[in-house]
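Values in this text are rule-based calculations from the coordinates and carry no lab data. Computed from a prediction, not measured in an experiment: that's the story for all the values here. Quick reminder, even Gly has a Cβ in these numbers, built from the backbone with ideal geometry, and neighbours come from all protein chains shown.
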Amino acid sequence: MKKAVIFDLDGTLLNTLEDLADSLNFALGKHNYPVCTYEQVRGYVGDGAAVLVQRALNGDGESQLYKDVFADFKIHYAKNNNNKTSPYGGIIDLLKQLKQKGLLIAIVSNKPDFAVKSLQEVYFKGIVDCALGQNDNTPKKPAPDMVLKAITNLENISKTVISKDECVYIGDSDVDVMTAKNAQMDMIGVNWGFRGKEFLLAHGAKITVDTAEQLILAIESL
């Protein structure tokens, strides 16, 4: 049995797509740039807010337009990140069951740290032990640094040593598959997220699940 479960956030625990798209489109529209559909945004997310804006601007990550749109996106999203966001079906019960089994739980996300901590307080307070979002001091996923930092935080909280073999990483994207690989950690892909089963398998996921109930069984089987 594992000691710790480390989750991605967007597309794994929470469906954040519409709030991300709405804030992005607010910023794009403010600067008279064409807005994006939800499906376009679904394909843009996963690598952090800066890359989300760059992809919406057709790869532009250097111009003044990019800087202005990114700044307006962050301001809008800070105030509107929980308008339409909600947990996926069965997620809250899943997390509670994992806690009852004695597992430690962390969130590691490329979403800005302020938003990760804000949403964690709303939905997972008292359940999730550690929540880390993207910041300027730690390389973002798929680099393993954030995951390894989460493990260290869980060790400090539990006052126990936790090896990577005693952890499993849960996510919904190719970024998550690579993150687990780079961290040398078991990974389970969730098919309900922003990418889907075929995409996950094509990008190297070995195990995928369709429901929260299946996820518990998959974790217990590792």
### Query
When you count, for each residue, the other Cβ atoms within 10 Å and take the mean per peptide, how do 177-183, 147-153 rank with the highest first?
177-183, 147-153
### Task
Quick one: work out the % antiparallel among DSSP beta bridges in the chain, nearest 5.
15
### Message
Positive end of the dipole of the range 155-222, charges at C-beta (+1 Lys, Arg; -1 Asp, Glu), about the Cα centre: which of Ile216, Leu200, Val190 has its Cα farthest in that direction?
### Response
Leu200
### Contour excess over end-to-end distance, with Cα ends at Asn58 and Ala202 and 0.36 nm allotted per residue
49.3 nm
### Task
Take the chain, connect every pair of alpha-carbon atoms lying under 10 Å apart with a spring to form a Gaussian network, then pick out the residue of Asp47, Asp68, Asp176 with the largest mean-square fluctuation.
Asp68
### Task
Please give the FRET efficiency for Asp210 paired with Lys96, using the beta carbon to beta carbon distance and R0 = 25 Å, rounded to the nearest 0.05.
0.80
### Message
I need the calculated FRET efficiency for the pair Lys84 and Val161, taking r as the beta carbon distance and R₀ as 35 Å, to the nearest 0.05.
### Response
0.30
### Query
Separation between the Glu121 and Thr152 pseudo-spin-labels, each 7 Å from Cα along Cα→Cβ, expressed in nm?
2.5
### Value of [θ]222 nm, deg cm²/dmol, for the chain, DSSP H segments ≥ 4, -39500 (n - 2.57) each, nearest 500
-14500 deg cm²/dmol
### Query
Which FRET efficiency, nearest 0.05, do Thr138 and Leu217 yield, Cβ-Cβ r, R0 25 Å?
0.15
### Message
At 0.36 nm per residue, and after removing the present C-alpha to C-alpha distance, how many nm does the segment from Asn32 to Met1 gain when stretched out fully?
### Response
5.9 nm
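Does the range 17-80 come out rounded, prolate or oblate, given a ≥ b ≥ c as the square roots of the eigenvalues of its C-alpha gyration tensor, rounded meaning a/c under 1.5 and, failing that, prolate meaning a/b above b/c?
Numbers: a/c = 1.35, a/b = 1.12, b/c = 1.20.
Rounded shape, in that the Cα axes give a/c under 1.5.
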